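The values are calculated or read from the model by the stated rules, or taken from the named source; none is laboratory data. It should be emphasised that the depicted structure is a prediction, and the values quoted were computed from it without experimental measurement. Using ideal geometry, Cβ is built from the backbone for each residue, glycine included, and neighbour counts are taken over all protein chains shown. SASA here: full protein model, heavy atoms, side chains in, ligands and nucleic acids out. Shrake-Rupley method; radii C 1.70, N 1.55, O 1.52, S 1.80 Å.
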Amino acid sequence: MTHKLFWQDPYRTTLNTRVVAVDNDRIRLAETIFFAFSGGQESDYGTLGGHPVLSAEKDGLDILYTLAPGHGLQAGSEVEIAIDWERRHRLMRLHFAAEMVLQLVCRLRPGIERIGSHISADKARIDFAYEGSIAALFPRIETEVAALLQADLPIVTAFSDEAAQRRYWEVAGFAKMACGGTHPRSTAEVGALKLKRKNIGKGKERIEISLNSAT
């Protein structure tokens, strides 16, 4: 099982580790800081042993990294992983921004069904089964989000089941939710948000979330 250090320290940008298995261009590592697509959050960008990582994907409790042919790595090779920090930090902030918005929508409309989500480095989106314009909820959501940012509350992450690699985040007094993504240390770090509504089909509404700045 790949030891996932991105949960322990999501701010770490480099790591020296060891290759444990090689299957042509697919690499398994003893430990990693390189997040693989999960829960709607896109994979990190970066390098492994100086080679650009073409894809990162979960394989049970392991992570497989795909490199271009001719990488020359073998089981036992010592390698450095380096991630694109600017991208990671935006993914962390947008991921938790989406979590806040989701929780607030569910409070305002109990029983609403989430039908999709995606977090990229440019924006996050959450899709709902909903009749009418979900933008009517934006004033309340924006007020509550502003209060959470101002409060600068700690975002606690931990295992709910370590053997099964199940995790959660919790903000005291706000919410607790199962999630295996990467998150910032506090609500204030997320920064100011912009919300945009899209109708994506009959009875389907999308909230797009972007950051006001790259900081």
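Assorted remarks:
- Matching residues, the range 14-60, being surrounded by fewer than 17 Cβ atoms within 10 Å (Cβ to Cβ) and among the polar types (S, T, N, Q): THR14, ASN16, ASN24, SER38, SER55
- Test: residue in the range 128-140 that is within 19 Å of the chain's Cα centre (by Cα) and either within 17 Å of ARG90 (Cα to Cα) or acidic (Asp, Glu) (or both): no
- Just one residue in the set LEU64, LEU5, LEU73, LEU94 is more than 18 Å from the chain's Cα centre (by Cα) and modelled with pLDDT of 95 or more; that residue is LEU73.
- PRO139 vs. criteria surrounded by 13 or more Cβ atoms within 10 Å (Cβ to Cβ), on the phi < 0 side of the Ramachandran plot and at pLDDT 95 or above: no
- Pairs, first over 14 Å from ILE63 (Cβ atoms) in the range 32-48, second at pLDDT below 95 and aliphatic (A, V, I, L, M), C-beta under 6 Å, six or more apart: none
- Single condition MET92 does not satisfy, out of (1) of a type outside the set (Val, Ile, Thr); (2) open to solvent by 30 Å² or more (accessible area, probe 1.4 Å); (3) part of a helix (DSSP H, G or I): (2)
- Qualifying residue in the range 168-176 (condition: touching a Cys at 6+ places or on another chain (Cβ under 7 Å) and either within 24 Å of GLU31 (Cβ to Cβ) or of a type outside the set (Asp, Glu) (or both)): yes
- Elements of type strands (runs of 3 or more DSSP E) in the range 41-80, at least 2 residues being out of contact with any helix residue (DSSP H, G or I) (no Cβ under 8 Å at 6 or more places or on another chain) and hydrophobic (A, V, I, L, M, F, W, C): 62-66
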